[in-house]
Amino acid sequence: MLSRPRGTRDMLPDEMEQRREIEARMRAKARTWGYREVSTPTFEELELFTIRSGEGIIDEMYVFEDKGGRSLALRPELTAPVLRTFVNEGRSLTKPIKWCYYADCYRYERPQKGRYRQFWQFGIELIGADSAMADAEVMMVADELLRTSGVTFVMKIGHLSFMRTLLKDLPAEDQKKVRSFLDKRDTDAASAFLSETGRENLADPLQQLISARTLDEVFTVIGEIPEADRIRETFRILDSQGIQYEINPAIARGLDYYTGVVFECFAEGLGAENQILGGGAYRLAHLFGGEDTPSVGFAIGFDRVMVALGEKIWMPFQPHVTVVFTPEARDRAVAVSHELRARGIICSIDLMGRGFSAQMKNAGKSADYVVIIGEEEVKSGKATLKNMKGGEQQTLSLDEVITSLTAQ
RNA sequence: GCCUGGGUGGGGUAAUGGUUAUCCUAAGGGAUUGUGGUUCCCUCGAUCUGGGUUCGAUUCCCGGUCCAGGCCCCA
């Protein structure tokens with residue numbers, strides 16, 4: 001027997017309905033902020049991703065050559081494709097551009113809890129705005145999208161200027177190393193690295209900085225930097241709206257193209273893979289041949305949100321109806337089921353050639369209500385509505401049946 | 001790429017170097033041709049895969065694979 005590829009999942013209807021519910025809530029929220037959905041190809045030129053993240057990621061991607069000899073890759077994330085789309089198609093659009101997306105991505109990695117080779121991301125990109133309001137808005141959208149899903153999380157916010165100021169005398173390579181230690185929450189290794197490279201004088205300030213939890217503490221360590229006003233303004237906006245967050249200067253997001261604010265959200269109960277959202281301010285458009293354009297965005301690890309939510313997803317109740325009929329009433333029963341569906345009622349009818357009793361038995365397993373159409377109902381033009389939970393039933397006109405079912 | 005632990009019907013399980021591999025559940029059918037869920041009966045259905053040891057392997061050994069968790073990585 002064939003099985004599915006490693007790191008992929010099959011999703012049955014119960015799970016899909018839950019995913020669609022959460023996805024719909026996120027989309028609806030993003031739309032209320034004015035973020036409109038875009039879609040990009042499942043595969044792209046390999047170069048799009050190596051420009052963004054370096055050659056090292058080739059090993060972690062699904063890379064292939066097509067019949068024309070092009071090097072292609074299944075998208076491992078969506079920020080680069082969306083920014084490429086902006087460069088290709090979006091130059092003449094009014095700024096700021098506010099886009100959102102929900103799509104599957106592919107990475108060739110070892111599967112773990114909450115980590116699969118095909119996974120889904122929901123994200124937004126705010127392109128062409130460069131302000132405290134822009135930074136704050138994107139974080140507020142992040143907060144609201146996670147909140148609407150029902151997941152319990154904490155948001156941690158940092159800013160690259162903190163670490164950049166502290167480490168400004170180090171060569172770029174060494175700065176990157178320190179950032180990457182911090183990204184792994186390995187502060188001891190970061191301190192050790194500073195000592196090895198003859199910068200032990202920075203070890204203490206580094207410790208102070210990464211344990212700072214207020215802006216005042218941060219600026220006490222690194223001084224009043226030029227970005228300070230904008231950063232204070234950003235947090236004032238968040239505070240004014242009651243957004244919950246933690247300042248954490250260790251949030252460094254190991255990548256070079258981030259330029260300003262960076263933030264990550266974490267959920268409980270997810271083991272090693274507990275980050276459910278990551279984002280920040282960045283500049284990418286110029287790498288893809290466009291104008292240098294400031295952007296802010298984030299991506300939600302949708303599957304991890306679903307794992308974190310577990311069973312606690314509230315689903316709207318929609319009654320399932322089965323039309324049960326006797327052989328001579330079949331055509332009327334089909335017509336009745338059409339009418340119920342036309343009113344948006346979920347309605348099934350026997351397709352197995354079962355007898356009346358067997359139809360009832362089957363309906364007892366899957367339906368909330370049964371609508372009975374037999375000889376009597378055909379004659380009277382009525383229908384019998386039976387509640388399968390309580391067992392009570394009454395014969396009504398079809399309109400009354402519909403009213404009763406849609407009043408739920 | 002590395003480490004640890006697992007893999008018995010669709011789901012959950014029992015047992016065993018040896019005769020027909022246990023039980024529960026689900027599914028399908030029937031008892032019951034206009035009234036289901038309870039009950040009873042019947043049916044279907046499994047030792048992940050390849051190799052080795054052995055008279056005989058589902059059991060023991062090795063490789064692979066898949067699953068769970070961790071490391072690396074995490075755009």
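State in Å² the accessible area per residue of chain A; use a 1.4 Å probe, count heavy atoms of protein chains only, and round to the nearest integer. Could the numbers behind the result be given before it?
On the way: 20660 Å² over 408 residues.
On a per-residue basis, chain A sits at 51 Å².
If you keep only loop residues by DSSP, which trypsin sites (Lys or Arg not before Pro) in the stretch A:141-236 have at most 13 other Cβ atoms within 10 Å of their Cβ? Walk me through the numbers before you get to the answer.
Numbers: sites: A:Arg147, A:Lys156, A:Arg164, A:Lys168, A:Lys176, A:Lys177, A:Arg179, A:Lys184, A:Arg185, A:Arg199, A:Arg213, A:Arg230, A:Arg232, A:Arg236; in loops: A:Lys168, A:Lys184, A:Arg185, A:Arg199, A:Arg213.
Listed in order of number, the matching sites are A:Lys168, A:Lys184, A:Arg185, A:Arg213.
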Quiz item: Do any GluC sites (Glu not before Pro) in the stretch A:325-408 lie in a loop, going by DSSP, with at most 10 other beta-carbon atoms within 10 Å of their beta carbon, and if so which?
Solution: A:Glu392
Exercise. Please identify, among A:Leu170, A:Leu146, A:Leu93, the residue showing maximal mean-square fluctuation in a Gaussian network model of chain A using a 10 angstrom Cα cutoff.
Key: A:Leu93
Self-check item: Hull shadow area, averaged, the stretch A:194-239 [alpha-carbon convex hull, nm²]
Solution: 3.7
Quiz item: How much of the accessible area of chain A, in percent, comes from carbon and sulfur atoms when a 1.4 Å probe is used?
Solution: 49
Exercise. Treating the Cα atoms of the stretch A:136-213 as identical point scatterers in vacuum, please give the log10 of the normalised Debye intensity I(q)/I(0) at q = 0.13, 0.17, 0.19 Å⁻¹, two decimals.
Key: -0.50, -0.71, -0.80
Exercise. With just the Cα atoms of the stretch A:7-99, tell me how far they stretch along each of the three principal axes, in Å, largest first.
Key: 41, 40, 24
Self-check item: Part-to-part distance (alpha-carbon centres) for the stretch A:161-214 and the stretch A:1-64, which is given in Å
Solution: 34
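Starting from the exponent 0.38 and prefactor 2.2 Å, build the expected Rg for chain A from its residue count and divide its actual Cα Rg by it.
On the way: Rg = 27.9 Å, N = 408, 2.2 N^0.38 = 21.6 Å.
Against the compact-globule rule of thumb, the ratio is 1.29.
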Quiz item: Taking springs between alpha-carbon atoms closer than 10 angstrom, which of A:Arg304, A:Arg70, A:Arg25 fluctuates most in the Gaussian network model of chain A?
Solution: A:Arg70
Practice problem: At 7 Å along the Cα-to-beta-carbon direction for both A:Gln318 and A:Met16, put a label point, then send me their distance in nm to one decimal. | Solution: 1.3
Self-check item: GluC sites (Glu not before Pro) restricted to the stretch A:63-131 and DSSP loop, no more than 15 other C-beta within 10 Å
Solution: A:Glu109
Quiz item: In whole Å, what are the Cα extents of the stretch A:92-134 along the three principal axes, biggest one first?
Solution: 40, 24, 13
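Which pairs in the list A:Lys113/A:Lys156; A:Lys156/A:Lys177; A:Lys113/A:Lys365; A:Lys67/A:Lys98 are over 31 Å apart, alpha-carbon to alpha-carbon? Present the calculation step by step, with values, prior to reporting the outcome.
Working: A:Lys113/A:Lys156 22 Å; A:Lys156/A:Lys177 21 Å; A:Lys113/A:Lys365 33 Å; A:Lys67/A:Lys98 36 Å.
Pairs exceeding the cut-off: A:Lys113/A:Lys365; A:Lys67/A:Lys98.
Between A:Gln241 and A:Ser366, how high is the FRET efficiency from 1/(1 + (r/R0)^6) when r is the Cβ-Cβ distance and R₀ = 35 Å? Nearest 0.05.
Numbers: r = 46 Å, r/R0 = 1.30.
After rounding to 0.05, the efficiency reads 0.15.
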Practice problem: Could you give the C-alpha radius of gyration of the stretch A:321-406 expressed as a fraction of 2.2 N^0.38 Å, taking N as the number of residues it contains? | Solution: 0.95
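Please work out how much length the chain gains when fully extended from A:Glu196 to A:Tyr62, using 0.36 nm per residue of separation minus the C-alpha to C-alpha distance, in nm with one decimal.
Values: separation 134, 0.36 × 134 = 48.24 nm, distance 3.79 nm.
Length gained, A:Glu196 through A:Tyr62: 44.5 nm.
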Self-check item: Range in chain A, longest, excluding exposed chymotrypsin sites (Phe, Trp or Tyr not before Pro) [loop by DSSP; at most 11 other beta-carbon atoms within 10 Å]
Solution: A:1-313
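The values are calculated or read from the model by the stated rules, or taken from the named source; none is laboratory data. These numbers come from a predicted model, not from an experiment. Cβ atoms come from the backbone with ideal geometry, glycine included; neighbour counts cover every protein chain shown. Each accessible area value is taken on the protein alone, full model and side chains, heavy atoms only, with ligands, DNA and RNA left out. Shrake-Rupley method; radii C 1.70, N 1.55, O 1.52, S 1.80 Å.
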